[in-house]
Amino acid sequence: MSCNKPPTTYADQLAILKSRGLVVPDEVRALHCLQHHNYYRLSAYRFPITVQGNPDQFLPGTTFDDLWNIYHFDRTLRQLVSESVKRVEISVRSRWAYVLAHNHGPQAYEHAPVFRDPKRHTDALARLDDELDRSREDFVAHYRQKYQMQRPPIWAASEVMSFGLLSRFYENIKRNSDRKQISTTYGLSPETLESLLQHCSYIRNLCAHHARLWNRRFTITLQLPRSSPPSLIPSLHPAEDRRLYNTLWPRFTIIGNLGLLMGRFCQESVRSTSFFFKY
């Protein structure tokens, strides 16, 4: 089956927006935005500024700037979330390598008895081998050439692992004491940290592909903690477990920047000051 809809020009796309009630004070700027940001991409941000029940009709007085400001908010939000997820990844990667190295030796990740599921462990090692073979890091060649080691020690191997692979290695650790030794660093249970790593990996991939974070219903959700850290429990929103709000709670480092971003956005687009909490 093929799509029978013909492609439209940038001028056609702008005309469609105007026919739906969008006010466009600066058509040259609007055409530039459409040229570089894709009509289909921008249209996903229209919902809070359209008539309820009719997403093809903008609210009276809505301007192109209103639409663009929501898009710009999401782009900046994605940058902040991406940076915070990177910090989570680097920290957990470091603790995972440290704990397993001290408890099971420098090649701990290779030892099947350290992990619960032999098949999943074998699959993880195969994926790691692929990542090591693709790596251009000097230390990978150093260990292979000088020490004839196909796989470097865990503290080096962890630097090559993708976030998703790190998550798989962590969740497959057999001894709960090992898992807990890592998770308590963050005041979390092993189960909550496992869920956090899966969710962070998913969020990181969304950010890497420039996907929309705002107003997205996540398919991989975060298991919310029930008792720890106690200072955060009252702030969680279990009823909206597929929205962005709960994704932000472990990312302490972005809260200040997020507040500044919200303040700036609300000044630029008063109509949508509550959109973040709704969407």
Output yes when any residue across region 129-145 is in the same structural domain as residue 100 (by TED's automatic domain parsing) and under 17 Å from residue 100 (Cβ atoms), and no when none is.
no
* Asked: Restricting attention to region 89-103, does a residue exist that is under 12 Å from the mean Cα position of the chain (by Cα), part of a helix (DSSP H, G or I) and under 15 Å from residue 160 (Cα atoms)?
  -> yes
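One line per residue, one yes/no per condition, for (1) outside the structural domain of residue 244 (by TED's automatic domain parsing); (2) in contact with a His (Cβ under 6 Å, 6 or more places away or on another chain); (3) crowded, with 16+ Cβ neighbours inside 10 Å:
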residue: 24; (1), (2), (3): yes, no, yes
residue: 47; (1), (2), (3): yes, no, no
residue: 55; (1), (2), (3): yes, no, no
residue: 62; (1), (2), (3): yes, no, yes
residue: 82; (1), (2), (3): no, no, yes
The condition of being within 30 Å of residue 210 (Cα to Cα) and touching a residue at least 60 places away in the same chain (Cβ under 8 Å) holds, among 88, 99, only for 88
Residue set 101, 126; condition among the hydrophobic types (A, V, I, L, M, F, W, C), under 29 Å from residue 180 (Cβ atoms) and out of contact with any helix residue (DSSP H, G or I) (no Cβ under 7 Å at 6 or more places or on another chain); output residue 126
Taking region 199-229 and keeping residues over 26 Å from residue 40 (Cβ atoms) and outside any helix (DSSP H, G or I) leaves 221, 222, 223, 224, 225, 226, 227, 228, 229
The condition from (1) part of a helix (DSSP H, G or I); (2) under 22 Å from the mean Cα position of the chain (by Cα) that residue 67 misses is numbered (2)
Among the residues of region 1-46, the number that are assigned to a helix (DSSP H, G or I), closer than 19 Å to residue 57 by Cα and of a type in the set (Val, Ile, Thr) is 1
Just one listed residue, out of 220, 203, 173, 182, is at pLDDT 90 or above and under 20 Å from the mean Cα position of the chain (by Cα), and it is 203
**Report entry** Any hit, region 89-109, residues being buried (at least 16 other Cβ atoms within 10 Å of the Cβ), assigned by TED's automatic domain parsing to the domain that holds residue 177 and in contact with a Cys (Cβ under 8 Å, 6 or more places away or on another chain)
**Finding:** yes
- Query: Of the residues that make up region 161-174, is at least one more than 30 Å from residue 72 (Cβ to Cβ), loosely packed, with under 15 Cβ neighbours inside 10 Å, free of Cβ contacts under 8 Å to residues at least 60 places away in the same chain and of a type in the set (Lys, Arg)?
  - Reply: no
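The values are calculated or read from the model by the stated rules, or taken from the named source; none is laboratory data. Just so you know, these numbers come straight off a predicted model, no measurement behind them. Because the Cβ atoms are built from the backbone with ideal geometry, glycine has one as well, and the counts that use them run over all protein chains shown.
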